[in-house]
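*Asks:* To start, I am sharing the structure in question, which I have written as structure tokens.
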Amino acid sequence: MIYLAPMEGLADYTLRQILSETSQFDMLVSEFVRVVDLVLPAKVFRRNCPELFNQARTENGTPVRIQLLGNHPEIMARNAKKAISLGSQGIDLNFGCPSKTVNKSCGGAVLLKTPEVMYEVAARVRDTVDPQHKVTAKMRLGFDDDQNAEVIAQHLDRAGVDTITVHARTKTQGYKPPVYWQRINDVRKSVNCNVVANGDIWTPEDYDNCRQLSGCSDVMIGRGAVRNPLLVNQIRDRSTSNLSNEQLLALLQKMIDRLLANQMPERYIAGRIKQWLSHMVQHQSTLEPLYSQIKPLRHYQDIQRLIG
């Protein structure tokens, strides 16, 4: 299976829809829903994951799993049950977010320092969610170092999660190269549940190398798919074609149309277009001239006139 990674502030509803239409993902994971001390109302889940209005599937039918971030076992479990009741295709638990703000509030990767808390959260969620629904967890190799990677994963495995996705770096390493796919293999061998490999899959060759070194059949792809919307198709079909100019312009127009349909405030639309294009330029340098023209524009109407 190939999953689209949860990417806070990037892989929002609009981009998830477009990427699921452009590439052949098996499953998408939403941006995290932050859980503190309350069972959140349905509107919060639906705001973060509007796919819930469509049985937690994108318009082309790709299933979407809600990710929860928090550290209180009982409250996390009750919110997981709520998300499932609203239609989420399982529950994913965030133990990997490296954001300083998130970590300061005892969420995300900081919990890697306390595997016993991760166990309590995961076990309570697993006990509460009906067995027919998957409970998965996303982690890193550790916080400051990777010495306890296997121990951390074993706590999640013992808690009963169905799958562990491992980003092949520590929190301290962030997103800086290199990536340590071979350490995922060590983690995989230490647990009984399924393990998904994640981190620095930018090309079909990276995909092959990641699977070989990690020993994992399944992978999760994040920014690689944002930079190259055709990446998953290239992996599956072994094609080498990049986006044509016509395809690119059609994708940008599709994003504008979807942002408007999703009632994104007009003042933010140009920024979202430029954010995505800035990622795509890193993969395909031939897009640089268009990005240079769009970069100073402040209104989506100006971008629309340019690409029209």
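*Asks:* Please work out the Kirkwood hydrodynamic radius for the range 245-307, using every pair of different C-alpha atoms, and report it in angstroms with one decimal place.
*Replies:* 11.7
*Asks:* Once the convex hull of the alpha carbons of the range 176-293 is built, what does its volume come to per residue, in cubic angstrom?
*Replies:* 142
*Asks:* Normalised by the residues of the range 245-307, what does the relative contact order come to in percent, with Cα pairs under 8 Å and at least six apart?
*Replies:* 38 percent.
*Asks:* Continuing with this model, one more query. Across the range 4-126, how large is the tail of the calculated P(r) beyond 22 Å, expressed as a percent of all Cα pairs?
*Replies:* 32
*Asks:* Regarding the range 108-182, what are the three Cα extents along the principal axes, ordered largest first, in Å?
*Replies:* For the range 108-182, the Cα spread along each principal axis is 39, 21, 18 Å.
*Asks:* Quick one: compute the contact order of the range 21-148, relative version, from alpha carbon pairs under 8 angstrom and 6+ residues apart, as a percent.
*Replies:* 24
*Asks:* Quick check: pseudo-label points 7 Å beyond the Cα along Cα→Cβ at Gln253 and Thr114, how many nm apart are they?
*Replies:* With each label point 7 Å from Cα toward Cβ, the separation is 5.3 nm.
*Asks:* Going by C-beta contacts inside 10 Å, put Tyr268, Tyr180 in order with the fewest on the left.
*Replies:* Lowest count first: Tyr268, Tyr180.
*Asks:* Placing unit charges on C-beta atoms (Lys and Arg positive, Asp and Glu negative, everything else neutral), compute the dipole magnitude of the range 245-307 about its Cα centre in debye, rounded to 20. Numbers along the way, then the final one.
*Replies:* Values: 8 positive and 5 negative charges, 40 e Å.
Computed charge dipole of the range 245-307: roughly 200 debye.
*Asks:* For volume of the Cα convex hull per residue in Å³, one of (i) 165; (ii) 208; (iii) 127 was computed from the structure I shared and the rest are decoys. Which label?
*Replies:* So the calculated entry is the one marked (iii).
*Asks:* If I model a spin label as a point 7 Å beyond the Cα along the Cα-Cβ vector, how far apart are those points for Glu246 and Gln284 in nm?
*Replies:* Label at Glu246, label at Gln284, 1.3 nm between them.
*Asks:* Find the centroid of the Cα atoms in the range 106-171 and in the range 2-40, then give the distance between the two in whole Å.
*Replies:* When both Cα centres are located, 19 Å separates them.
*Asks:* Calculate the spin-label point distance for Asp162 paired with Arg305, positioning each point 7 Å from the Cα along the beta-carbon direction, and give it in nanometres.
*Replies:* 5.1
Just so you know, all these numbers are worked out from the coordinates, no wet-lab data involved. Quick caveat, the model's predicted, so the values are computed rather than measured. All Cβ positions, even for glycine, are placed from backbone atoms using ideal geometry, and neighbour counts span all protein chains on display.
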